[in-house]
1. Can you say what percent of the DSSP beta bridges in the chain, counting only those with both residues inside, are antiparallel? Round to 5.
2. For a protection proxy built on the mean count of beta-carbon atoms within 10 angstrom, sort 135-142, 234-241 highest first, please.
3. Going through the range 213-317, which GluC sites (Glu not before Pro) have at most 12 other Cβ atoms within 10 Å and a DSSP loop state?
4. Got the relative contact order for the range 15-160 handy, in percent, Cα pairs under 8 Å and 6 or more residues apart?
5. Counting other Cβ atoms within 10 Å of each Cβ, which trypsin sites (Lys or Arg not before Pro) in the range 116-215 have at most 11 and sit in a DSSP loop?
6. Enumerate the helices in the chain for which the Kyte-Doolittle hydropathy averages 1.0 or more and the C-alpha atoms extend at least 24 Å along the helix's axis, using complete DSSP H runs.
7. P(r) for the range 36-182: what percent of alpha-carbon pairs falls in each 5 Å bin, starting at zero?
8. Are any of the pairs K228/K251; K188/K215; K61/K331; K2/K127; K2/K61 more than 25 Å apart by Cα-Cα distance, and if so, which?
Amino acid sequence: MKILAIESSCDETAAAVVEDGRKVLSSVISSQVQEHKIYGGVVPEIASRRHAEAISQVVEKALSDADTTLDDLEAIAVTYAPGLIGALLVGVNYAKGLSFASGKPLVPVHHLRSHIAASYITHADLKPPFFCLVVSGGNTMMVEVRDYTDFEIIGRTRDDAAGEALDKAARAMGIPYPGGLNLDRMCKDGNSTAYKFPTPKVEGCPYDFSFSGLKTSVINTIHNAKQKNGEINIPDLGASFMKAVSSCLCKNTEKAMKDRGYKTLVLAGGVSANSVLRQDMESLCKANGYRLYLPELSLCGDNAAMVGSQGYYEYLAGKRAGLELNAFAGKDIDEKQ
Ligand code: KG4
């Protein structure tokens, strides 16, 4: 069963054809990173405009790379939430047009569900139930994945997402956009014990995270050094900060998995590409005898292959949308979709 998937939630216009949820026949990504770089972050209106310009060609290429026509498709899946609203609307409206023209059913897909599905593509043997840590630019949460379309959030960030904290810390360190990725590249060999950071806790909620204090702490460290004409070793500071973020993520994940009796952990979202986090989670899982599934690096960031994978399971579960489908900037992964 072939599904055409479309993704436009942030700054990548992407389309893919995926067979039976696991086999990627084509995956095309048109990235806007270079354009947003000069602003130091994603500019929502520019993102929407670039999606509008790129989407037809990206979808056409995905179909032709997969040697597939609209007639061969079972359904059209599209990311409809959460994300930048103007960006999402471009993909949603394009998918509606294709669905109307081809008569193929339209399947709305939650962006974070599709990040989790990236691991179904990477690991043929992975099946729910499992425990998942979702770490992206806009969201950080721990989720019980009970079935392909049955999720429950058991902990989340109270303020910044891990990716947002990494991006802002990178910016404060003068590391160019995309911050999280460049921070990892430039600092992974730094001394992670050189700078001390607190391990923030959310009182009474052991499964929740808070990263804004850590972010402030790194900014203060830089300001203090500047005021005293002191030197900052960026690789060491970056490595220490990544270690601090990773430690918070590992601590809560370990506690929640123990409490809930899970033995399988999946990482999902852009920050799951982080080398420190991947290493720390590997050690955590080895120490506890857990099985760890990491998405392959090329599937950690936004792409449409993962949307096609999750779209397949949503389709099997009977999820359909009509031409009145809207996009939503915010929607919980476990909310009735
Ligand atoms: O999941 P994603 O691609 O987009 C959202 O849906 O949010 O995540 C983007 C986030 C950004 O904050 C980016 O800086 C971060 O993932 N990121 C990384 C790395 N690669 C991407 N953060 C740390 N280390 C990386 N290697």
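The values are calculated or read from the model by the stated rules, or taken from the named source; none is laboratory data. Owing to the predicted nature of the structure, the values given are computational and were not obtained by experimental measurement. No Cβ is skipped: glycine too gets one built from the backbone with ideal geometry, and neighbour counts run over all protein chains shown. Quick note on the areas: whole protein, heavy atoms, side chains included, nothing else; ligands and nucleic acids left out. Shrake-Rupley method; radii C 1.70, N 1.55, O 1.52, S 1.80 Å.
1. On the way: 27 of 44 bridges.
Of all bridge pairs located within the chain, approximately 60 percent are antiparallel.
2. In decreasing order of mean packing, 135-142, 234-241 become 135-142, 234-241.
3. Values: sites: E231, E254, E282, E296, E314; in loops: E231, E296.
Passing both the DSSP loop test and the Cβ count: E231, E296.
4. Working: 187 pairs, mean separation 24.3, N = 146.
Reported as a whole number, the value is 17 percent.
5. Details: sites: R146, R156, R158, K168, R171, R185, K188, K196, K201, K215; in loops: R158, K188, K196, K201.
Listed in order of number, the matching sites are K196.
6. On the way: long enough: 44-65 (29 Å, -0.42); 85-102 (25 Å, 1.17); 234-260 (39 Å, -0.22).
The qualifying helices are 85-102.
7. 2, 8, 13, 16, 18, 17, 15, 9, 3, 1, 0
8. Values: K228/K251 34 Å; K188/K215 18 Å; K61/K331 30 Å; K2/K127 20 Å; K2/K61 16 Å.
Pairs exceeding 25 Å: K228/K251; K61/K331.
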